[in-house]
1. Exactly which trypsin sites (Lys or Arg not before Pro) in segment 7-98 are in a DSSP loop and have at most 13 other Cβ atoms within 10 Å?
2. Take every Cα pair under 8 Å in the chain that's 6+ residues apart, average their separations, divide by the length, and report that relative contact order as a whole percent.
3. Which value, in debye to the nearest 20, describes the size of the charge dipole of the chain about its Cα centre when Lys and Arg Cβ atoms bear +1, Asp and Glu Cβ atoms bear -1, and nothing else is charged?
4. Return a whole-number percent for the relative contact order of segment 1-40, with Cα pairs under 8 Å and 6 or more residues apart as the contact set.
5. Go through segment 18-27 residue by residue and turn each phi into a ³J(HN,Hα) via Karplus (6.51, -1.76, 1.60, θ = phi - 60°); whole Hz please, and just put x for glycine and proline.
6. Would you mind computing, in nm to one decimal, how far apart the modelled labels at LEU59 and SER82 are, each placed 7 Å from Cα along Cα→Cβ?
7. Picking from LEU80, LEU41, LEU15, which is most flexible by a Gaussian network model of the chain using Cα springs under 10 Å?
8. Can you give the calculated 222 nm mean residue ellipticity of the chain, where each DSSP H run of n ≥ 4 adds -39,500 (n - 2.57) and the sum is split over every residue, rounded to the nearest 500 deg cm²/dmol?
Amino acid sequence: MKIKGTCRRCGREFLVDQVIQSGGGCPWDGKPFEPDYAVVLVNALRDAQAAGTALEDALGKVADLEPDFVLDADSVLEELRSHLERLERLHAHGVARG
């Protein structure tokens with residue numbers, strides 16, 4: 001899974017891999033996304049990307065088996081949507097951190 005994001009400062013899109021490689025900074029403006037917790041951010045992004053890839057692979061294998069059931073999409077996506085929406089709300093409201 002290739003997770004993408006958008007920098008709140010410069011407005012440019014990036015791949016999570018680029019942030020990981022830069023040590024937690026924007027690949028375009030070079031500024032850290034989370035100066036006080038860069039290592040935590042990088043590790044969390046790495047974990048999210050690896051978990052997403054594992055989930056994609058596992059669900060692909062299940063689908064390839066063509067079992068006699070369907071999975072409820074909301075049971076897989078609901079909590080993920082919740083976290084992503086929280087990030088979007090923070091951005092939309094210009095929440096300042098201090």
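Read-outs throughout are calculated quantities, based only on the coordinates presented, and are distinct from any laboratory measurement. All values reported here derive from a predicted model rather than from experimental measurement. We place every Cβ from the backbone using ideal geometry, glycine too, and count neighbours over all the protein chains shown.
1. Working: sites: ARG8, ARG9, ARG12, ARG46, LYS61, ARG81, ARG86, ARG89, ARG97; in loops: ARG8, ARG9, ARG12, ARG97.
Answer in residue order: ARG8, ARG9, ARG12, ARG97.
2. Numbers: 63 pairs, mean separation 18.4, N = 98.
The normalised contact order for the chain reaches 19 percent.
3. Values: 12 positive and 17 negative charges, 166 e Å.
Computed about the Cα centre, the dipole is about 800 debye.
4. 26
5. 5, 5, 4, 5, 7, x, x, x, 5, x
6. 1.7
7. Of LEU80, LEU41, LEU15, the most mobile in the Gaussian network model is LEU80.
8. Working: 3 runs with 54 residues, N = 98.
Calculated from helices alone, the mean residue ellipticity at 222 nm is -18500 deg cm²/dmol.
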